Amino acid sequence: MSVTEISETTQYLTFKLEDEVFALDIAKVREVLECTTVTRVPRTPDFMCGVINLRGGVMPVVNMRLKFGMPDAEKTVNTCIIIVEVTIDGETLVIGALADSVQEVMDLEPGQIEPAPRIGTRLNTEFIKGMGKQDNRFIMILDIDKVFSADELALVQDAGTYKETGG
């Protein structure tokens, strides 16, 4: 989805990694959990923290800092796991995204969203739906379905991903 396809007010969950603020379409967010014990899974990519027990199910957790090439950080009282739905090749996977902190749920009008810059960002801009503007700050709106490649999600899934059934 490009910024030109954002034609109505949308709610976003904002979260921080380092000093950057990111946003996810609230429709992709299932819940936000306090950081809990993560069990490391051998032979997985560096950005894969491991798995957690979520109501008796195995939930993979990805460190968003490492996924975006940022340095890892110590966990704090604000560190949390955002449970998100990722759709790739028509299949919906539910994964946890480790973030430094969750900020707020906010509404953004189409006029508050600019196209992603082509240069000058640490991220491959393919992941970015647009740049939200609020109070003289920019918020990177992520397209969570494009943050991970099919190969990466296959590795995450092999590590014990909970597969969405019948949904």
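The values are calculated or read from the model by the stated rules, or taken from the named source; none is laboratory data. Model, not experiment: these values are computed from the prediction. Methodologically, a virtual Cβ is constructed for each residue, glycine included, from the backbone with ideal geometry; neighbour enumeration extends over all protein chains shown.
Find all pairs meeting these conditions: Cβ atoms under 8 angstrom apart; at least six residues apart or on different chains; first residue within the range 1-28 and modelled with pLDDT under 90; second residue surrounded by fewer than 18 Cβ atoms within 10 Å (Cβ to Cβ) and acidic (D, E).
Every condition considered, the pairs that remain are M1/D143; V3/E114; T9/D107; T9/E109; T10/D107.
Pick from L24, L13, L17, L54: which is surrounded by 13 or more Cβ atoms within 10 Å (Cβ to Cβ) and farther than 22 Å from Q112 by Cβ?
Numbers: L24 fails: farther than 22 Å from Q112 by Cβ; L13 fails: farther than 22 Å from Q112 by Cβ; L17 fails: farther than 22 Å from Q112 by Cβ.
The match here is L54.
From the list M48, M70, which one is surrounded by 16 or more Cβ atoms within 10 Å (Cβ to Cβ), among the aliphatic types (A, V, I, L, M) and either more than 27 Å from Q134 (Cα to Cα) or modelled with pLDDT of 95 or more (or both)?
Details: M70 fails: either more than 27 Å from Q134 (Cα to Cα) or modelled with pLDDT of 95 or more (or both).
Exactly one residue qualifies, and that residue is M48.
Taking the range 31-79, which residues are in contact with an Asp or Glu (Cβ under 9 Å, 6 or more places away or on another chain) and among the hydroxyl-bearing types (S, T, Y)?
Result: T44, T76, T79.
Scan the range 76-109 for residues that are outside any strand (DSSP E or B) and touching a helix residue (DSSP H, G or I) at 6+ places or on another chain (Cβ under 8 Å) and report the count. Outline the logic, then answer.
In the first step, residues of the range 76-109 are kept if they are outside any strand (DSSP E or B); the result is 76-79, 89-90, 100, 109.
From what is left, the residues that are touching a helix residue (DSSP H, G or I) at 6+ places or on another chain (Cβ under 8 Å) are 89, 100.
Going through the range 76-109 one residue at a time, the tally reaches 2.
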